[in-house]
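Remarks on the structure that follows.
The values are calculated or read from the model by the stated rules, or taken from the named source; none is laboratory data. These numbers come from a predicted model, not from an experiment. When we count neighbours, we look across all protein chains shown, and the Cβ atoms used for this are built from the backbone with ideal geometry, even at glycine. To get the accessible areas, we keep the full protein, side chains included, count just its heavy atoms, and leave off ligands, DNA and RNA. Shrake-Rupley method; radii C 1.70, N 1.55, O 1.52, S 1.80 Å.
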Amino acid sequence: KYLGKYQSTSDEPLELCIVELGPGRGTLIKDILKTIEKTGKWNGKDGNPLVKPRVVLVEKSPVLREEQRSNLQQKAVFDSATREATNCISYANASIEWKSTLEEIIMEEEEKEKRAEEAIEKLAPSQGTPPRELTAPPAPIILLAHEFFDALPVNQFQYTEKGWCEYMVDTDEDSSSPEHFKYVLSPGSTPNCLLAKARAKVSPLWVNKYQTQEQKLGRNLEVSSDAITYMQQIGHLLHLRTGSALIVDYGYRAEIADNDLVLTMQGIKEHKNVHPLSEPGLVDLSTFVDFYLLMRSVSHIPTIRAAKVLSQRDFLYRMGIDARMMRLMMHEAISDKDIQNVYSAFTRLTDPADMGDRFKMLCISTNDLPTAFEDIRAKG
């Protein structure tokens, strides 16, 4: 339904570029494409599709790429030179391609823009209006980042009598320690402490509440420079093209982004919380996402605007999850067990004590498109 906000209203198929960061096994994009393929809302009166999706998956891991291909491929696309299967065709006749970094997509878009400008400049005045392929607006981009930012590296800091010091990892010589590693504070300032200083300067909490040395002592900050970089790249990509980015992750709302009580890094193995320093390389590390920092990272781009950060509960209700649940539960073929499963899933996704408030949604969009949150933003 979110993607449906950008559905074409003309008889020509809308070329829609869907970019996903960290696509995992490809489950989310598969569900999206199957929905586009099945629902009649994406087809015109003649039954022909109104959307022509192109999917770009940003994934470095060769192992995950092959898993995504196995999950998505309907038809292989072979490279003309090497004859190797590089890209593929998936559901909804969508083309699937892979990039290792977001920067690759940006460079391609900048090159396209440059070639178009050069071609227009070479046209003689007698040739009249430039061809449409040189002047037509670029196809919109929808960028998705689902549980991507929480997995990015972070730097952790504490304010001490020496100023900002950084949390480091040291070996633990205590034989009773199961991790054999421990956290220690740097003896003084490190180059990364500039991140903490810069983050504190734009923090309403630090500026308005912690003004004295005594108030600051012992307070913590987490900063992800990689998150800043990715957000600036997302903003730049949307600036080059028209489109929106939807970021879904667990973290803090913008107004309470500064958590000065605990550091949020956690280790997860086999769906259970474990010590972050246990079994290095075998434990997934995750931290709460600072949505306030994400929003500030694109605030300097005049063509971009950010909607109010929403909880997953608010977002899903706005997208009609309650109506969807009722339709499923009222289906004549549904069993009592299925009704129970549907309601359990609905509760888990929307309950504030579960995923409903823990997960947040941030939508940023170019000024010419809706953010999909606009009706909520208008109500404040």
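The table below gives the values:
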read-out	value
Proximal aspartates and glutamates relative to LYS269, as straight alpha-carbon distance under 19 Å, when same-chain residues fewer than 8 apart are discounted	GLU147, ASP150, GLU179, ASP249, GLU279, ASP284
Rounded accessible area of ASP338 (nearest 10 Å², 1.4 Å probe)	70
Cα-centred dipole magnitude for the stretch 252-364, charges only on beta-carbon of K, R (+1) and D, E (-1), debye, nearest 20	380
Cα centroid separation, the stretch 86-105 to the stretch 56-85 (Å)	8
Selection of GluC sites (Glu not before Pro), the stretch 147-201, meeting DSSP coil and at most 10 other Cβ within 10 Å	GLU161, GLU173
Calculated from backbone phi, Karplus (6.51, -1.76, 1.60) coupling profile of the stretch 266-277 in Hz, x at Gly/Pro	9, x, 10, 9, 6, 6, 10, 6, 9, 5, x, 9
Filter on LYS30/LYS75; LYS162/LYS197; LYS272/LYS337; LYS30/LYS52; LYS60/LYS99; LYS162/LYS216 - keep pairs with C-alpha separation over 18 Å	LYS272/LYS337
Debye, to nearest 20: dipole size of the stretch 313-373, +1 on Lys, Arg Cβ, -1 on Asp, Glu Cβ	120
